[in-house]
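A.B. asks: First, the structure itself, so that you have it in front of you.
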Amino acid sequence: MVPFNWFGGSRGLCALLAASLAAGCAPLWGLRYLAAYPNKPPTAQSHATPITLNVSPSLNDTCFIGMALSGGGSRAANFSAAVMWELDQLGILERVQYVSSVSGGSLPAAYYALFKREPQRWNEPTLKRLMAKNFECLGWRALLNPLRWPLFLGTSYDRTSVLAEVFDAHLFQHRTFSQLPQDAPVLLLNATDYVRGERFVFSNESFETLGSDLGQLPIAVGVMASAAYPGLLRAVTLKDFHPRGAPRPRDLLQPEGLARLADTPYLHLIDGGVIDNLGLDSLARAYIKQLERNPARFTNGCLLILVDAQTPSEEARLGWQPDTRGPIDLLFDTNALRAVGILMTSKREQQLAALGFDSLHQWAAIREAKAHGTGWTERRLSPQEIQQPLSFLEEGRLGRGVFVPADDSMAQAPEPSPAPPCRVWHIALQDLAINAPYPELYEAAYLRQYAAQFGESYPEFRAVLTEIPTRFFLHPTHRERLYAAAQLLVHEPASQRTICGWLYDLTGQTCRSAHGDSAATGQSEAADIAPPR
């Protein structure tokens with residue numbers, strides 16, 4: 001994710017002063033995070049959580065369907081929630097087996113896993129209200145409460161602890177990982193162990209390597225670790241209870257051969273976007289492990305849905321300014337934060353290019369074609385089958401090969417049959433922002449429908465999207481535009497026809513219409529998409 005601004009310029013400073021006046025009555029929420037670490041060793045009452053790779057979800061046993069939600073503060077939280085809601089209306093979300101999330105995307109991911117079966121919580125008005133809450137203001141009110149000040153001096157309690165309490169009280173209702181429903185998708189919250197430079201996923205297996213019990217841990221801790229942006233928030237610390245030097249259980253979500261660099265008693269976790277700001281790597285690992293366990297699984301292939309809240313760099317405006325400093329630079333240099341954001345963006349672009357998505361290259365090609373008057377005839381890149389798959393798909397193919405002994409020697413079996421195709425739907429906010437000046441990439445009738453519904457032309461939408469910051473606070477106007485963007489991307493006719501056809505190929509089920517019934521076969525409009533046969 002790109003760093004959010006705790007102060008928000010001069011208006012943020014004014015809001016901070018106002019919050020300080022109200023801080024005396026700010027709630028304490030029970031102060032659940034006073035200890036140096038929030039996790040605990042197993043007890044006789046410990047219960048395993050559904051977050052495991054030892055038992056695969058029974059849903060869609062012939063195919064693998066996973067969703068990754070990117071980082072990006074409240075922009076990612078709201079865009080991801082909006083996309084998930086639209087996919088739920090189509091009947092696609094209920095088929096998802098794994099949800100992997102990073103940073104801001106972890107808020108709706110964990111919320112959905114907890115409350116997807118509770119209509120009073122999982123509905124569009126509630127999502128809009130909760131995901132756009134001013135978590136920054138709530139955090140400042142808690143920080144400025146005089147009753148908390150001694151804690152900052154005498155304990156390890158810090159601003160990260162405060163924000164975890166805010167999430168706990170306002171989103172997750174103090175639920176722990178053991179309270180995840182058994183029919184929830186496997187929730188993979190991704191953080192970064194910055195001592196060892198490894199991805200850390202909150203799962204039963206990873207906590208077994210720590211000699212700890214994931215079930216007792218508040219879900220807000222996992223979300224906070226996933227969103228602890230370096231430079232703005234302190235790390236979330238976990239205790240390693242495993243005896244020093246003793247053999248450890250295998251962490252199935254870590255690649256083979258990746259060993260701990262140090263046998264130390266503590267793990268310090270920061271934003272998962274440092275390693276992977278798309279949340280894709282953990283989905284890849286889950287796919288590999290299931291194929292390793294049973295190479296005959298997923299005969300219909302796999303589907304990866306990448307919900308990506310990245311937009312063109314909001315720092316581009318700095319090129320027009322002689323002085324890049326802002327109010328927050330009075331406290332520390334924001335160049336370090338921008339550098340972290342650049343590294344995250346670079347890794348993201350590498351991952352997408354390896355999957356075959358290269359929006360920046362496509363945009364440049366469109367501009368060149370227009371400049372020479374030759375026109376542009378290709379469609380945009382999403383969704384598509386992987387033509388040059390990532391290494392994890394190659395590993396999946398290799399998992400289908402076997403070695404058999406013959407005459408006391410090892411002989412390789414015949415070449416395994418090719419793995420079924422793996423499809424990827426990249427639902428990218430940046431796709432709208434980049435392609436907005438080029439409406440020929442979309443169907444003209446759909447663009448007219450969009451303009452009539454939202455009262456502005458499609459190209460005008462671009463300026464709004466690029467202005468949405470990655471803070472943990474969202475202006476209502478920006479929130480509505482993110483939900484509009486989700487509608488535009490999910491229900492774009494060409495994409496929806498493709499994805500509903502894939503769903504039928506993978507599961508034998510069609511998409512639902514906007515009214516909740518099954519889509520009819522044959523010709524269909526944007527609201528009633530049937531698989532093309």
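Any read-out appearing in this document is the output of simple, stated calculations on the displayed coordinates, not a laboratory observation. Keep in mind it's a predicted model, so treat the numbers as computed, not measured. Reconstructed Cβ throughout: ideal geometry from the backbone, glycine too, with neighbour counts over all protein chains shown.
A.B. asks: Can you figure out the FRET efficiency of E467 with Q45, using R₀ = 45 Å and their beta-carbon distance, to the nearest 0.05? Can you show the working numbers first?
C.D. replies: Values: r = 50 Å, r/R0 = 1.10.
E(calc), rounded to 0.05, equals 0.35.
A.B. asks: Assuming a ≥ b ≥ c are the square roots of the Cα gyration tensor eigenvalues, decide whether the range 172-265 counts as rounded (a/c under 1.5), prolate (otherwise, with a/b larger than b/c) or oblate. Please list the in-between numbers first.
C.D. replies: Numbers: a/c = 1.70, a/b = 1.25, b/c = 1.36.
Taking the square roots of the gyration eigenvalues as a ≥ b ≥ c, the range 172-265 is oblate.
A.B. asks: Short version: what are the Cα gyration tensor semi-axes of the range 90-244, square root of 5 times each eigenvalue, largest first, in whole Å?
C.D. replies: Working: eigenvalues 130, 97, 35 Å².
They are 25, 22, 13 Å, listed largest first.
A.B. asks: On the principal axes of its Cα set, how long, how wide and how thick is the range 180-235? Give whole Å, largest value first.
C.D. replies: Sorted largest first, the three principal extents are 37, 21, 18 Å.
A.B. asks: Taking 60 Å as R0, compute the FRET efficiency from the Cβ-Cβ separation of L153 and E94 and round it to 0.05. Please report the intermediate quantities before stating the final value.
C.D. replies: Details: r = 49 Å, r/R0 = 0.81.
For R0 = 60 Å, the calculated efficiency reads 0.75.
A.B. asks: Quick one: give the max-minus-min coordinate of the C-alpha atoms of the range 43-149 along each principal axis, largest first, in Å.
C.D. replies: Over the range 43-149, Cα extents along the principal axes are 56, 42, 26 Å.
A.B. asks: With a Cα-only, solvent-free Debye model of the range 464-512, what are the log10 I(q)/I(0) values at q = 0.28, 0.30 Å⁻¹?
C.D. replies: Log10 of I(q)/I(0), two decimals: -0.99, -1.08.
A.B. asks: In addition: Could you work out how far apart the two model spin labels at R293 and R121 are, taking each label as a point 7 Å from the Cα in the direction of the beta carbon, and quote it in nm?
C.D. replies: Going by the 7 Å Cα→Cβ label model, 2.6 nm.
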